[in-house]
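One structure below.
The values are calculated or read from the model by the stated rules, or taken from the named source; none is laboratory data. Note that the coordinates shown come from a computational prediction; the quantities given were computed from them, not determined experimentally. Glycine gets a Cβ as well: all are built from the backbone with ideal geometry, and neighbour counts include every protein chain shown.
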Amino acid sequence: MAEEREKLLQTHERLGLSAEGGSLEERARRLQEDAEREKREIMDRIMAMEEEERVRREEAEKARREEEERREKERRIQEEKLKLLQEEEERERIRMRQQRMEEEERERARLEKLREDEERRKRAEREREEEERKLRVFFLLCC
């Protein structure tokens, strides 16, 4: 009730219908002041909304840049991990190739040794057979 009465008084004051009355010039001046005050309030609200919008845009832009920087950093990290992995794989391929070459060399050396051993055995066998033949010839000639 008191609130309604207060609103009614404010409305009357705005219209220049106060209990005291007053001249038309006074009412016109008050209406002009009220209009200017309302205009300033509206302008202040507009400026505040514009400022809020500017701040919101700046914050959104900052968040976008931060997200972009985070993604770029993550991309660089992933690229570095991939590079390290590729380098490790290349080292492993080189190590395996070298190991294979060493094994092949050992196998060649083993086969060469077997061949040489076989040649020595055959030579020794031939020499033994030659010695036996010479002994038989000698015994045949002697006896």
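A few points about this structure:
- Residue match in the stretch 112-120 (condition: at pLDDT 95 or above, within 51 Å of the chain's Cα centre (by Cα) and part of a helix (DSSP H, G or I)): no
- Test result for residue 96, closer than 30 Å to residue 6 by Cβ and hydrophobic (A, V, I, L, M, F, W, C): no
- Considered as a group, the residues in the stretch 1-33 that are modelled with pLDDT of 85 or more and surrounded by 10 or more Cβ atoms within 10 Å (Cβ to Cβ) include one that is nearest to the chain's Cα centre (by Cα), and that residue is 33.
- The stretch 123-143 residues that are on the phi > 0 side of the Ramachandran plot, paired with ones that are at pLDDT 90 or above and surrounded by 10 or more Cβ atoms within 10 Å (Cβ to Cβ) (beta carbon under 8 Å, 6 or more apart): none
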